[in-house]
1. Please list, short to long, the whole-number percent of alpha-carbon pairs of region 344-478 in consecutive 10 angstrom bins beginning at zero.
2. Please compute the modelled spin-label separation between T511 and D80, points set 7 Å along Cα→Cβ, answer in nm with one decimal.
3. Using only Cα atoms, find the angle between the long axis of helix 322-337 and the longest principal axis of the chain, and express it within 0 to 90 degrees, rounded to the nearest 10.
4. Would you please state the base-10 log of I(q)/I(0) at q = 0.19, 0.21, 0.23, 0.24 1/Å for region 468-536, with intensities from the Debye formula using one equal scatterer on every alpha carbon?
5. Starting from the Cα gyration tensor of region 273-338, multiply each eigenvalue by 5, take the square root, and state the resulting semi-axes largest first in whole Å.
6. How many percent of DSSP beta bridges within the chain run antiparallel, rounded to 5?
7. Do the sum for the chain: with -39,500 (n - 2.57) for every DSSP H run of n ≥ 4, divided by all residues, what is the mean residue ellipticity at 222 nm, to the nearest 500 deg cm²/dmol?
8. Would you mind calculating the gained length between T462 and E214 on full extension (0.36 nm times residue separation, minus the Cα-Cα distance), in nm to one decimal?
Amino acid sequence: MKRRAWLTLGAVVLGGGGIAGYAVASPSTDGAGGSAERPVKVYNLGLKAPETGERELPRTETKQFSLLGISWTGATKKLDGKAQVRTRSVDTGTWSSWQDLETDADPVEDADERAGARGASEPLWVGPSDGVEVQVVHEDGTTSAGLPSGLKVNLVDPGVTAAEADAATEPAAYAEDVTPSPSAPSPTATTPAGPASNVPEPPIVSRADWGADESLSPDPSEYNADVKAVFVHHTAGSNDYTCAESASIVRAIYAYHTAPAPNGNGWNDLGYNFLVDKCGTIFEGRKGGVDQPVLGAHTYGWNRESAGIAVIGEYTAAGASNAALTSVARIAAWKLGQYGVDPASTVQLKAGATQKNLAGTSFTSGSSYPFSAISGHRDGYATECPGNSLYGQLPTIRAWAAGPVQGLKVTSLTGATLSGSTYWTKGAITVKWSTTTPGSLISKFELLVDGNVVTTVPGTATSANTTLAAGSGSHKVAVRAVHQSGKTDEKSTTTALTVVADTTAPVFATTPRITLRTGTVETAAVPVTLGWKATDAQALKQVSLTSPTTATFGPTITSSNRTAKSGAASTWSMTAYDIAGNTRTSSPAFTPLILQETSATKSGTWTSRSSSSYLGGKSYSSGSRNASLTWTFTGRSAAWVVSRASTSGQAYVYVDGTKVATVDLKSSTTKYRQAIWTKSWSSSAQHKIKIVVVGTSGRPTITTDGLVYVK
């Protein structure tokens, strides 16, 4: 049957119609909340189980706490049941849902030597709270089996350090991304400096900086001969903490582990060698020197040859953050590197206890067994720790810690233009890249040109610059990543990119110019064709028109129909671009002019006509055979402008005395101001255009509106 024992902090509590029991907190100094400095406080309440049936104790308030757990008499005794708690938030006054406590915590290996050492659950961080309710559900199929004796609820207020109190009065909020400075202990006569590691030491928040009360841990530190492996843990509890609370959480766990029975576990120190929060901050755990092989109390049976790293939070359903994984990889690589252990290797560890792990693998005390150099708590002990999700992230931690760099790829190359599979540049380029290995685990990046290192940048960099010599031709450009361990492999260097250095500008083989074309002529819009030809020794990219209007053309385009305003000079500015970014600009000016019919020399009979449809409002009309008009001008392009209708006749066109065309003006629809015939020359010169009436049978008349030429 199920047996439940309920606890609420308070004095007398009633249940089931009578006095069911009561719980009173052990004496402790009152501490006000807020940001003022206050010490760590630990206190406990007895948890009494009724002999039969169920009892629920009403909730009442208590002093502030932020972390809790349960403990019981017998350091090696297991709690046969499920412990659950719910708490009341100081900030909101609301009660949480029921949360499970992890009660499969490792026993203390030297429990027989420690008076008062108790069995205990893992601590649970709940944040500032002032009310608690606890139940232990026992299910063994019997009615006589009871709960362990001496069952206590241990409550911890982590307090506020002087530094935290001072910081709380500053205008700026706590910066969660601040990286603390390394603070390794100074070597002493009794504690020499630890061995140098083959990778850099990451920043570590010292015990003094997170506010450790060293009076809680009076026993001297014990040391192993070396560190062959690290075991990864989680502390359990909520992941909703802020990184500003991390030091408080570490203080609370420390107090929970070290407080004398019955208020705490009665351990001699924190169990873990290091703790890492979700923002990646690393905290010194057990005292004795971060660079020393300090004996921890984190993985039962395996503490003599290992170090323990705990990630603050609960990682069964959700994985740890990349920041946390990065810091675990950094501290594991550094600690293992002190003893020449490859983080990706398999090592042999000697069992210190006869037991089974979570997977059911049996270990016999004194025998050696293979372990990954970075293992999970559950690999050595029958526990869910470090949670299914974090356990599944251990291969990533191993790869990041061991190297070489993974996932290196070039993401962009700026200062150059890609054409096909070749980049073209004027010389200065910037190569950008990304990796899946975090930058803090990378020693450096090298920018290679034709296999030679030309630029070296730190491992946290994501780009590098170089300048290829002017006109030096084709080069192979690549990036090489060097892991903090010094490891590289074939995937540590990107595939080389072909980059051509080109400083020769394009040329205009044909200077931009306009020529008149057929179409409707307006005073402000004369139809013209803009023509040009640009070439480049390597690769032409485009040609752009920037004045008097804008347009962009592909490298093979050499003309474009435009319009130009008559009577005013217009600058036609064009710029040719090659793939490397070199440019050439040409800006010739042209003036289209309209010669009215009245400016021509006449022969034969011509009649003047008036209409707003004509250029200038007037035109000449003639049906007399051989009647002529002759315009003389100096220019490089000309267009004859006429009116067209179904009755319009034909005309001969003479250029400089030579007949060059017979033009038929007939049109099914009436049209005005039509440039019907054009002629252009390679350069400007004086020319004569003569129009002669053919006198076509049945439709002899032509109507001329004038001549347009380009000056």
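1. Cα pair-distance distribution for region 344-478, in percent: 10, 28, 20, 14, 13, 10, 4, 0.
2. Calculated label separation equals 10.6 nm.
3. Taking the Cα atoms of the chain, the angle to 322-337 is about 60 degrees.
4. -0.88, -0.94, -1.00, -1.02
5. Values: eigenvalues 84, 38, 21 Å².
Those come to 20, 14, 10 Å.
6. Numbers: 162 of 180 bridges.
Approximately 90 percent, going by the DSSP bridge assignments.
7. Mean residue ellipticity, 222 nm, calculated: -2000 deg cm²/dmol.
8. Working: separation 248, 0.36 × 248 = 89.28 nm, distance 4.27 nm.
Going from the current span to full extension adds 85.0 nm.
The values are calculated or read from the model by the stated rules, or taken from the named source; none is laboratory data. Computed from a prediction, not measured in an experiment: that's the story for all the values here. As a convention, Cβ positions derive from the backbone with ideal geometry for all residues, glycine included, and neighbour counts pool all protein chains shown. Side chains are part of the model used for accessible areas, which takes the heavy atoms of the whole protein and leaves out ligands, DNA and RNA. Shrake-Rupley method; radii C 1.70, N 1.55, O 1.52, S 1.80 Å.
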